[in-house]
Amino acid sequence: MTPYSELICGQVWTPGREIPAKVRLSLTPVPPPPAPPRSDFPAPARAPYSEGAAFLFGDCVLGAIVTITPMDAAFVYEVFYATDGGVAFMTVTNKPGQSYLLRAWSGDGTYLGEYRAPLGST
């Protein structure tokens, strides 16, 4: 059986056995915080997928500024960068018994939305 793969920003994404859900960010009625100067999230690491999610931000030319809090609650698997250096695509999962909040802004500071992960399975 050929593993599933997808071409994203000129790179091949092969998630493996379990394909994480592609997640949309949601906007909140509360005014968002201002965009930080740069992205802030855990360094990519390999670990088993659990409650995984895949995020596509904009396109491969203009990426996003992305933050994950708390950083020790999530595993980041892959990060593909846009031409402008922003994040174009990433896959994230939470650690067992933990939840994280992912927020994203476009390069011009426009708030794109957020995603709160449910508690990870233990």
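What follows is calculated from the coordinates using simple rules that are stated; it is not laboratory data. Just so we're clear, the structure is a prediction, and the values are computed from it rather than from any experiment. Using ideal geometry, Cβ is built from the backbone for each residue, glycine included, and neighbour counts are taken over all protein chains shown.
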> Can you work out ³J(HN,Hα) from phi for every residue in region 29-41, in order, using Karplus 6.51 cos²θ - 1.76 cosθ + 1.60 and θ = phi - 60°, giving whole Hz and x for Gly and Pro?
Replying inline: x, 7, x, x, x, x, 5, x, x, 7, 5, 8, 7
>> Cut-off is 10 Å between beta-carbons; in what order do 68, 8 appear when sorted fewest neighbours first?
In response: 8, 68
> How big is region 63-122 by the Kirkwood estimate over distinct Cα pairs, in Å?
Replying inline: 11.9
